[in-house]
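J.: Below is one structure. I have some questions about it.
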Amino acid sequence: MQNNNCQEKHIFRPLDGRKILFGVSGGIAAYKAADFCRNLVKLGAQVRVVLTKNGARFVSPLTFSALTGHKALTSMFHDDLASPMTHIELAKWAELFVILPASADIIGKTACGIADDLLTTLFLAFNGKKLLFPAMNPAMFENPIVQDNISRLRAKAITVAEPAKGTVVCGDTGRGRLPDFEEVLFLIRKSLANNDLKGLNILVTSGPTREPIDPIRFISNRSSGKMGLALATVASMRGARVHLVTGPTCLNIPSHISYTKIETAKEMAKQVLSEQKGMDVIIMAAAVADYAPKTFSKSKIKKESSGMTLELEQTSDILLELGKHKRAGQLLVGFCAETENLIENAFKKLQKKNLDLIVANNVTEPGAGFDWDTNKVFIIDSDENVEELPLLHKEDVADRILDKIRDVLSLEV
Ligand code: CTP
């Protein structure tokens with residue numbers, strides 16, 4: 001059984017040396033930038049910080065230097081710099097340029113191409129992906145001039161994140177707060193990913209289902225939902241339009257992922273089958289219960305002196321139904337968790353359910369299957385090609401499954 005009150009953060013894979021140029025402009029949210037930089041470094045990113053003059057009044061550059069292990073810069077004209085070409089070198093070095101917080105002033109300057117300090121000059125010199133996180137008083141954020149400037153940046157393929165709603169430091173309420181780190185990280189990782197699944201509609205299912213016995217008890221299984229959430233997250237980062245249908249899990253779903261929560265196999269079947277038509281790819285990572293109690297007792301079943309027999313009936317096989325109604329060009333992916341005869345059983349399921357791919361794992365292997373952040377799987381296609389993957393983070397497994405989907409659909413990289 002699962003604990004309904006749990007709340008577990010999504011475990012992202014490391015950022016393994018990705019090069020992030022991190023701009024800090026003047027705003028009280030600069031204090032959060034220090035913590036976010038620290039978290040990015042902890043995740044393995046290389047971070048170089050540039051502050052505006054006002055940014056440096058809120059948080060000392062020394063703080064950022066200590067947190068990132070590299071001197072945080074504030075001016076074009078440092079005497080101690082090895083080369084006077086710092087802005088060009090940094091611009092060439094970075095893969096992504098983040099400005100957090102982005103004040104109304106910096107949004108205005110960058111939208112107009114003003115380059116009167118190191119940060120704004122770098123912004124023009126850098127020709128990679130740019131990502132701004134506005135944070136300011138809500139009245140300032142809603143001001144049509146600021147909104148116009150944001151539209152100008154977006155029209156040039158610069159990502160400007162939506163600020164969170166709430167009460168800001170001065171006590172006003174509205175849009176103007178920095179999103180939490182999970183959201184920031186999601187957008188950073190999306191900006192670093194390639195966009196090779198753009199235009200695809202992908203439905204992913206995850207987690208267990210719960211089949212109620214009485215108001216207190218239910219039958220469920222050990223699925224944590226991590227593999228399904230990893231697939232939804234990575235597919236969304238790679239540009240797909242993703243909808244996640246999830247059973248009850250402890251996972252915190254990033255707000256950029258559209259999702260529907262269901263409880264029973266019947267609810268999952270209804271939701272998934274209603275969405276089938278509009279989907280290019282459906283990935284059934286959920287551990288759907290095969291059996292549910294035949295009757296539901298409205299009142300708590302009391303303990304008898306002897307044992308108890310529970311009558312179960314089979315639930316409908318969602319993937320089997322999807323396979324029967326698969327339209328031309330639609331790709332169906334199943335999962336197969338086994339304890340023995342893995343490849344043989346997986347291929348039988350692929351054929352029986354009319355699938356294009358099946359992802360098989362032996363749940364008895366250490367590090368694989370339920371509740372781990374890692375998984376060790378085989379990807380099998382309809383020509384019986386078997387690709388064995390090593391033990392990987394579930395997001396890396398998700399990437400490899402999505403690579404295979406991309407190849408089967410013959411999408412260009
Ligand atoms: N599945 C489904 N509906 C069900 C049961 C399973 O759509 N009622 C899907 C799962 O989401 C998974 C695939 O079918 O993608 C295989 O599930 P699995 O439990 O491994 O196999 P079953 O077909 O249920 O067969 P068995 O339990 O006998 O191994």
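J.: How many residues are in contact with a strand residue (DSSP E or B) (Cβ under 8 Å, 6 or more places away or on another chain) and under 30 Å from P14 (Cβ atoms) if we restrict to the range 167-189?
T.: Residues flagged as in contact with a strand residue (DSSP E or B) (Cβ under 8 Å, 6 or more places away or on another chain) and under 30 Å from P14 (Cβ atoms) within the range 167-189 amount to 8.
J.: For the range 135-154, how many residues are of a type outside the set (D, E, K, R) and more than 18 Å from V169 (Cα to Cα)?
T.: 9
J.: I would also like to ask the following. Taking only the range 280-312 into account, find how many residues are under 30 Å from G199 (Cα atoms) and not in a loop (DSSP other than H, G, I, E, B).
T.: Total satisfying the criteria: 5.
J.: Take the residues in the range 269-304 that are among the acidic types (D, E) and at pLDDT 95 or above; name whichever of them is farthest from the chain's Cα centre (by Cα).
T.: Of everything passing the filter in the range 269-304, D290 is farthest from the chain's Cα centre (by Cα).
J.: Return the residue satisfying two criteria in turn: it lies in the range 331-354 and is surrounded by 18 or more Cβ atoms within 10 Å (Cβ to Cβ) and more than 7 Å from the ligand (Cβ to nearest atom), and of such residues it is modelled with the lowest pLDDT.
T.: Across the range 331-354, the extreme among qualifying residues is L342.
J.: Still on this model: Give me the pairs, please: first residue somewhere in the range 310-328 and within 12 Å of the ligand (Cβ to nearest atom), second residue anywhere and part of a strand (DSSP E or B) and among the polar types (S, T, N, Q), beta-carbon distance under 8 Å, and either six or more positions apart or on two chains.
T.: Short answer, once both residue conditions are applied: I318/T205.
J.: So which strands (runs of 3 or more DSSP E) stay within the range 189-279 end to end and still have 1 or more residues that are more than 16 Å from the ligand (Cβ to nearest atom), under 26 Å from L40 (Cα atoms) and free of Cβ contacts under 8 Å to residues at least 40 places away in the same chain?
T.: Hits in the range 189-279: 258-261.
J.: Right, here's the next one. Can we say L357 is within 12 Å of the ligand (Cβ to nearest atom), in contact (Cβ under 8 Å) with a residue 40 or more places away in the chain and touching a Ser or Thr at 6+ places or on another chain (Cβ under 8 Å)?
T.: Taking the combined requirement at face value, the residue satisfies it.
J.: While we're on this one: Out of all the residues in the range 194-230, which are closer than 24 Å to N375 by Cα and touching an Asp or Glu at 6+ places or on another chain (Cβ under 9 Å)?
T.: Those that are closer than 24 Å to N375 by Cα and touching an Asp or Glu at 6+ places or on another chain (Cβ under 9 Å): D196, I202, L203, T209, R210, S220, R222, S223, S224, K226, A230.
J.: Quick one: how many residues across the range 81-108 are touching a residue at least 12 places away in the same chain (Cβ under 8 Å) and touching a helix residue (DSSP H, G or I) at 6+ places or on another chain (Cβ under 9 Å)?
T.: Adding up the residues that qualify gives 19.
J.: May I pose another question? What pairs can you find where one residue is in the range 330-341 and outside any loop (DSSP other than H, G, I, E, B), the other is among the aromatic types (F, W, Y), and their Cβ atoms are less than 8 Å apart, with a gap of 6+ or different chains?
T.: Hits for this filter: A337/F370.
J.: So, one more: For the range 354-413, which residues satisfy the criterion of being among the hydroxyl-bearing types (S, T, Y), more than 23 Å from H325 (Cα to Cα) and assigned to a loop (DSSP other than H, G, I, E, B)?
T.: Matches in the range 354-413: T364 only.
The values are calculated or read from the model by the stated rules, or taken from the named source; none is laboratory data. All figures in this text were calculated on a predicted structure; none of them were measured in a lab. Every residue, glycine among them, receives a Cβ derived from its backbone with ideal geometry; neighbour counts consider all protein chains shown.
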